[in-house]
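Chemist: Sending over a structure as structure tokens; questions will come in a sec.
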Amino acid sequence: MDLNAVRTYVAVADAGQFQQAAADLAITQQAVSKRIASLEKELGVRLFTRTPRGARPTVDGQAFLPHARALLQAEERAAASVRPGRRALRIDVIGRRLAPADLLRDFHRAHPGTELDVVTLFDADAAFAAVLSGTIDASFRAVTLPERQLPEGIATARVHDEPVQLLTGPGHAFATARSVTPAELAGHRIWMPGLVAGTEWAAYYEDLAAAFGLTIEATGPDFGTEPLLDTIADSPALATLVGEQTRFAWPADQGLRRIPFVDPTPVYPHSLIWHRDNPHPALTALRGHLAQRHHPNPLDWKPSWAN
């Protein structure tokens, strides 16, 4: 159905005159008549009765009017859903229990009027593709590529350095330690079955292992967070690495321990990526919010590629 014809029909019904509707729509009266005739032909009914005072909807026209208004409202909602500045800001946070989700929640608390559409993509390649296509406005990712190798139009900025922690069960050698150095972990088994070769997080932990002589095992199937925590809780030998802001909910009887790293503290470098031509005003607000809160510590350890 031609929505311009529907819009013209509503304009005539509201104005009561073809001439006034033409003036309201900034088109000729002849164009109004043609649009109404075309709509009547499509519907197979007469929509207006001509009177000395103008045009009055027929019985069929009166029945069609609320549906015509609904069609125009649906059109407006559809356009608003993708119109920069009016649609929700679409952001990829990798995972809803991870630090980027906290960053976005903090932004929303500071800007409660901003509509957000939160998505979770798999890896940086998927995020770059989605930003380039306009499917999302921005993504939180660790960016392993140097700036000169980024896709054309992509901009990035490091916005958050998240400390990495050791997670152990109650029987582990470090379970009672207040802190641990990365070097002290050499020779201990670190199990991370969620590492996927080729991803940005796998690249981070490969560099961390190489820097401090760590052994990080990614063997075995990844059955998810809960089975991993069960295994760590029951093992005196296995530990894993987690972000400080990663949210877990585990039974109290598991006795899991989070142990900070010191001398140095390894941090996971979260960056925001976006398209330079993206005009969404909320994206500008998000970038400013994150920049104000990012205070990197030069003593922390991070990979050489962290920008």
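Chemist: For the stretch 1-146, build the charge dipole from Cβ charges (+1 Lys, Arg; -1 Asp, Glu) around the Cα centre, then report which of Ala21, Ala101, Val143 sits farthest towards its positive end.
Modeler: Ala21
Chemist: Can you give me the relative contact order of the stretch 79-190 as a percent, contacts being Cα pairs under 8 Å and 6 or more apart?
Modeler: The value is 24 percent.
Chemist: Order by neighbour count: Lys41, Lys302, fewest other Cβ atoms within 10 Å first, most last. Write down the numbers at each step before the final one.
Modeler: On the way: Lys41 10, Lys302 23.
The fewest-first ordering by Cβ neighbours comes to Lys41, Lys302.
Chemist: Let me spell out the model: positive unit charges on the Cβ of Lys and Arg, negative unit charges on the Cβ of Asp and Glu, origin at the Cα centre of the chain. What dipole size does that give, in debye rounded to 20?
Modeler: Working: 30 positive and 34 negative charges, 348 e Å.
Taking the Cα centre of the chain as origin, the dipole is about 1660 debye.
Chemist: Which is farthest toward the positive dipole end of the stretch 3-80 among Ile36, Val6, Leu72, measuring Cα position about the Cα centre, with Cβ charges +1 (Lys, Arg) and -1 (Asp, Glu)?
Modeler: Ile36
Chemist: In addition: In percent, how large is the relative contact order of the chain, given Cα pairs closer than 8 Å and 6 or more residues apart? All intermediate terms of the calculation are to be shown ahead of the outcome.
Modeler: Numbers: 491 pairs, mean separation 67.2, N = 307.
Answer for the chain is 22 percent.
Chemist: What area, in nm² and to one decimal, does the C-alpha convex hull of the stretch 162-260 cast on average over all directions?
Modeler: 6.1 nm²
Chemist: Please determine, in degrees from 0 to 90 and to the nearest 10, the orientation of helix 200-212 with respect to the longest principal axis defined by the Cα atoms of the chain, where the helix direction is its Cα long axis.
Modeler: 20 degrees
Chemist: What does the convex hull of the Cα atoms of the chain come to per residue, in Å³, rounded to a whole number?
Modeler: 194 Å³
Chemist: Tell me the mean residue ellipticity at 222 nm calculated for the chain from its helices only (DSSP H runs of n ≥ 4, each -39500 (n - 2.57), averaged over every residue, nearest 500).
Modeler: -12000 deg cm²/dmol
Chemist: Arrange Phe140, Phe122 by Cβ neighbour counts within 10 Å, fewest through most, would you?
Modeler: Ascending number of Cβ neighbours within 10 Å: Phe122, Phe140.
Chemist: Angle, helix 59-80 long axis vs. longest principal axis of the chain, Cα atoms, 0 to 90°, nearest 10?
Modeler: The angle comes out at about 30 degrees.
Chemist: Any idea what the dipole of the stretch 1-139 comes to, in debye rounded to 20, about its Cα centre with Lys/Arg Cβ at +1 and Asp/Glu Cβ at -1? Mind dumping the intermediate values first?
Modeler: Values: 18 positive and 16 negative charges, 134 e Å.
The calculation lands at about 640 debye.
Chemist: Further question: Just how large is the dipole of the stretch 3-80 about the Cα centre, in debye to the nearest 20, putting +1 at every Lys and Arg Cβ and -1 at every Asp and Glu Cβ?
Modeler: 220 debye
Chemist: Okay, next question. Exposure proxy check: Glu162, Glu226 ranked by fewest other beta carbons within 10 Å?
Modeler: Ordered from fewest to most neighbouring Cβ atoms within 10 Å, Glu162, Glu226 come out as Glu226, Glu162.
Chemist: What's the angle, to the nearest 10 degrees (0 to 90), between helix 281-293's Cα axis and the longest principal axis of the chain?
Modeler: The angle comes out at about 20 degrees.
Chemist: With an 8 Å cut-off on Cα pairs and a minimum separation of 6 or more residues, tell me the relative contact order of the stretch 121-239 in percent.
Modeler: Values: 114 pairs, mean separation 36.9, N = 119.
Over the stretch 121-239, the number comes to 31 percent.
Readers should treat all values here as calculations from the given coordinates under stated rules, not as data from a laboratory. Nothing here was measured: the structure is a model prediction, and the numbers come from that model. Neighbour counts are summed over all protein chains in view; Cβ atoms, including those assigned to glycine, are modelled from backbone coordinates with ideal geometry.
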